[in-house]
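Working notes for the structure below.
Bear in mind that the values in this text are calculations on the coordinates, not laboratory data. If you're wondering where the values come from, they're calculated on a predicted model, not measured in any experiment. So basically every Cβ, Gly included, is an ideal-geometry build from the backbone, and we count neighbours across all protein chains shown.
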Amino acid sequence: MAGKSSVAAIYFAILGIVTTGFGIANILVTAGASEFAYGILEISGDLFRGGWGGAIVLFAGLFYLSGARNFEEIHQFSKIVMGSILIWIMAGCDIFAMITESIPGGEDGPWFNTLDGFIGTYAPPYAPAVLLLPFSLVVLYYINKRNQEM
Amino acid sequence: MKLTIDQRWDLIDKIAKQTVTFGEYRHTLKDAIGELTIKPFTGIPIAIAVMYAFWSIFGSFAGFFTDGFFVRLFDAYWLPWLQEVFPGQGGWLYAIMVDAGGIEGGEFVLSDNCLESFGVLTSGLFVAIGVVLPAIVIFYLMLALLEDIGYMPRLAVLIDTMLHKIGLHGYAIVPTILSLGCNVPGVTATRILETKKQRFIMMTLLAIFIPCGAQIGIMQDVIPGLMGWILLYLIIGYFIFGYILNKIVPGKAPEFLIDVPPYRRPMLSNIGKKVWGRIAGFFKVAIPFVLLGAAIVGVLYQLGVIRFLGDALAPVFVGWFGVPKETAGPLIAAFLRKDLAVAQLSVIEMTEYQMITAVVLVSIYFPCVATFAMMLKEGWKELLGAMAVLTVVVFAYGGLIHLIGILLGVA
């Protein structure tokens with residue numbers, strides 16, 4: 001049990017470091033008023049998604065780091081859950097924006113997007129929160145486990 | 001039947017045995033998350049994330065309907081069709097109802113989009129249905145979700161200390177957020193505040209610094225890149241003048257006690273009822289004002305009243321506020337329709353900073369007619385007081401923004 005808990009603590013500590021790094025990178029890119037793209041990663045340079053959003057990714061990272069120690073304790077665990085919730089908020093907003101962009105046909109096109117255009121909207125690169133999303137979902141396993149133990 | 005003291009205690013014990021469960025209380029995950037959202041150190045980052053989600057979803061949803069479908073529907077189909085079938089092109093009724101157009105080379109030229117036509121059936125309907133309706137629907141939906149989940153009381157607790165600095169308390173967040181949808185229910189919601197002083201401060205701040213959904217919707221559509229700066233200026237003004245009002249307005253600003261409910265899963269039927277009720281209210285109160293406002297603005301333009309006032313007040317606008325002379329007309333028309341005024345400003349050539357100043361001025365300049373009527377209903381003394389404050393604020397804050405621009409070298 002203690003072994004499993006320490007694995008979880010290490011996992012969320014690493015996730016926290018990566019998330020914090022993404023948050024800082026987001027803020028730095030916004031401060032430089034530019035965009036950054038590398039492979040499947042794209043960091044927006046606009047004040048809203050890059051600056052405000054970057055601050056939230058940074059907070060998520062800090063929640064993970066703060067909660068990783070003494071992971072079994074409920075208040076510490078709630079910080080991990082909150083870190084994941086912040087990632088879900090950010091990723092959810094990005095995915096919702098993708099969905100709303102993918103349906104209309106654009107200013108001079110038809111009313112609705114073509115199938116290629118629709119699918120193309122969901123192609124990479126993605127914002128950091130979207131890339132972090134699958135890793136943040138691991139917390140659901142621990143929530144479920146905790147519920148079963150109660 | 002009279003009970004002795006001992007009998008009463010016995011009865012209490014019996015009832016307690018039947019109703020109270022004793023045992024070790026275990027903190028649940030929901031409890032711990034609830035605590036995190038109230039403590040300032042963790043609660044403020046969460047509040048920042050909630051507000052981000054609010055505006056991100058608002059922008060995506062409103063943009064989906066307005067830019068994705070309504071702009072095309074109104075500009076490519078509705079406007080050209082009306083321009084063709086409505087009789088009396090170039091006449092005053094045509095200008096008021098369909099298209100005020102413009103003069104190029106001595107000839108009357110029709111507008112090519114609904115933001116520039118300024119007719120009741122074109123700009124009026126486009127703003128009401130194409131811009132404001134999607135914005136209002138998503139705004140009230142998000143608000144109802146936050147209320148029913150149980151987040152709003154936590155936000156009230158979180159912001160309580162800050163709002164005490166301006167003579168209000170945490171619950172003042174309710175009229176403030178409601179006003180972001182429409183100022184009219186916002187003014188009504190000031191009744192949840194206990195003292196006259198609090199209600200006056202709240203009403204005045206709402207009327208001056210809180211842009212309504214119609215204005216936000218149109219800003220999102222025509223000047224999305226500048227919206228952040230405009231809202232930042234308004235938030236700063238909200239707190240500066242709130243602080244000053246708290247110092248000079250006599251009266252009490254008591255503490256408040258709030259029962260924070262646990263987080264709950266929202267019920268779809270409740271959300272539906274709330275959203276429908278608010279949207280129906282908005283349709284009844286605000287939509288007629290949008291259309292009536294568009295008509296009155298059109299009539300005043302046709303009579304040359306706005307041009308005359310614009311010319312007369314141009315030195316003040318140019319000299320004191322640092323905005324171009326052409327903005328005088330829309331700024332005066334803003335009394336009737338702030339959303340239309342923002343649309344008018346968006347087509348005037350000016351620097352980004354001048355645009356920010358002009359739109360902030362539209363926001364703080366005067367409450368829209370519907371809000372004005374609602375404030376009058378709350379009391380004429382309060383309305384007069386609020387108007388006096390407003391006049392001072394417009395000149396002081398408008399001049400201050402110009403001064404900041406000069407100091408930064410951008411004005």
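Give me a comma-separated list of calculated 3J(HN,Hα) values for region B:110-117, in order, Karplus coefficients 6.51, -1.76, 1.60 applied at θ = phi - 60°, integers in Hz, x for any Gly or Pro.
With the stated coefficients, region B:110-117 comes to 6, 6, 10, 8, 6, 6, 9, 7 Hz.
Tell me which aspartates and glutamates have Cα within less than 12 Å of residue B:197's Cα, excluding those fewer than 8 residues away on the same chain?
Leaving aside aspartates and glutamates fewer than 8 places away in the same chain, those within reach of residue B:197 are B:382.
I want to verify the translational diffusion coefficient of chain A in µm²/s; compute it with Stokes-Einstein, Rh as the Kirkwood radius over Cα pairs, at 4 °C and 1.567 mPa s.
The estimated diffusion coefficient comes to 78 µm²/s.
Tell me which residues come under 5 Å, amide H to amide H, from residue A:112 once H is placed; ignore anything under 5 positions away on its chain.
A:105
Mind checking A:81-93 for the average number of partner chain beta-carbons within 10 Å of each residue's beta-carbon? Show your work: numbers first, answer last.
On the way: counts 4, 8, 0, 0, 5, 7, 1, 2, 7, 4, 0, 3, 9.
Mean inter-chain Cβ contacts per residue within 10 Å come to 4.
Which of B:139, B:321, B:41 moves most in a GNM of chain B, Cα contacts under 10 Å?
B:41
Check residue A:41: other-chain or 5+ apart residues with amide H under 5 Å from its amide H, H built from backbone geometry?
A:126
Per-residue ellipticity at 222 nm for the protein assembly as shown, helices alone: DSSP H runs ≥ 4 residues times -39500 (n - 2.57), over residue total, nearest 500 deg cm²/dmol?
-22000 deg cm²/dmol
I need the helices of chain A that pass two filters: whole DSSP H segments spanning 27 Å or more by Cα along the axis, and mean Kyte-Doolittle score no lower than 1.6.
Details: long enough: A:2-31 (43 Å, 1.50); A:74-102 (41 Å, 1.19).
In chain A, no H run is both long and hydrophobic enough.
Filter the GluC sites (Glu not before Pro) in region B:326-369 down to the DSSP loop ones having no more than 13 other Cβ atoms within 10 Å, then list what survives.
Qualifying residues, ordered by number: B:349.
Which far-off residues, 5 or more places away or on another chain, put their amide H under 5 Å from the one on residue B:101, with H placed in the peptide plane?
Here the answer is B:111, since their amide H atoms fall under 5 Å of that of residue B:101.
For residue B:6 and residue B:351, calculate 0.36 nm times their separation in residues minus their Cα-Cα distance, and state this gained length in nm to one decimal.
Details: separation 345, 0.36 × 345 = 124.20 nm, distance 8.17 nm.
Residue separation times 0.36 nm, minus the Cα-Cα distance, leaves 116.0 nm.
May I ask you to derive the FRET efficiency for residue B:302 and residue B:112 from their Cβ-Cβ distance with R0 = 30 Å, giving the value to the nearest 0.05?
Computed FRET efficiency for residue B:302 and residue B:112 comes out at 0.90.
Would you compute the Debye intensity of the protein assembly as shown from its alpha-carbon atoms alone, equal scatterers and no solvent, and pass along log10 I(q)/I(0) at q = 0.06, 0.07, 0.10 Å⁻¹ to two decimals?
Taken in order of the listed q values, log10 I(q)/I(0) reads -0.36, -0.49, -0.94.
Anything over 19 Å Cα to Cα? Flag those among B:30/B:273; B:273/B:377; B:165/B:247; B:165/B:377; B:165/B:196; A:79/A:145, in the order listed.
On the way: B:30/B:273 27 Å; B:273/B:377 27 Å; B:165/B:247 10 Å; B:165/B:377 28 Å; B:165/B:196 17 Å; A:79/A:145 17 Å.
Over 19 Å Cα-Cα: B:30/B:273; B:273/B:377; B:165/B:377.
Between residue A:149 and residue A:111, what's the calculated FRET efficiency when r is the beta-carbon distance and R0 is 56 Å? Round to 0.05.
After rounding to 0.05, the efficiency reads 0.60.
Cα centroid distance between region B:380-411 and region B:18-44, in Å?
45
Can you grab the distance from the C-alpha centre of region A:83-150 to the C-alpha centre of region B:135-197, Å, no decimals?
Taking the Cα centre of region B:135-197 as reference, the centre of region A:83-150 is 30 Å away.
What is the order of B:410, B:323, fewest Cβ neighbours within 10 Å to most?
The order, fewest Cβ neighbours first, is B:410, B:323.
Can you compute the FRET efficiency between residue B:381 and residue B:73 using 1/(1 + (r/R0)^6), with r the Cβ-Cβ distance and R0 = 51 Å? Round to the nearest 0.05.
After rounding, the FRET efficiency stands at 0.65.
Using a Gaussian network model on chain B with a 10 Å cutoff between Cα atoms, which of B:313, B:193, B:115 fluctuates the most?
Answer for the Gaussian network model of chain B: B:313.
Which value results for Rg/Rh of region B:160-264 when Rg is the Cα radius of gyration and Rh the Kirkwood radius based on the inverse mean 1/r?
Ratio of gyration radius to Kirkwood radius: 1.01.
For chain B, what are the DSSP H helices with axial Cα length of 30 Å or more and mean Kyte-Doolittle hydropathy of at least -1.0?
Numbers: long enough: B:40-65 (38 Å, 1.51); B:227-248 (31 Å, 1.65); B:268-303 (50 Å, 1.22); B:380-408 (41 Å, 1.79).
What comes out of the filter, once short or polar helices are dropped, is B:40-65, B:227-248, B:268-303, B:380-408.
Cut-off 10 angstrom, C-alpha nodes, Gaussian network model of chain A. Which of A:103, A:56, A:89 fluctuates the most?
So, out of A:103, A:56, A:89, the one fluctuating most is A:103.
Could you please rank B:22, B:65, A:48, placing first whichever residue has the fewest other Cβ atoms within 10 Å of its Cβ?
So the ranking, lowest neighbour count to highest, is B:22, A:48, B:65.
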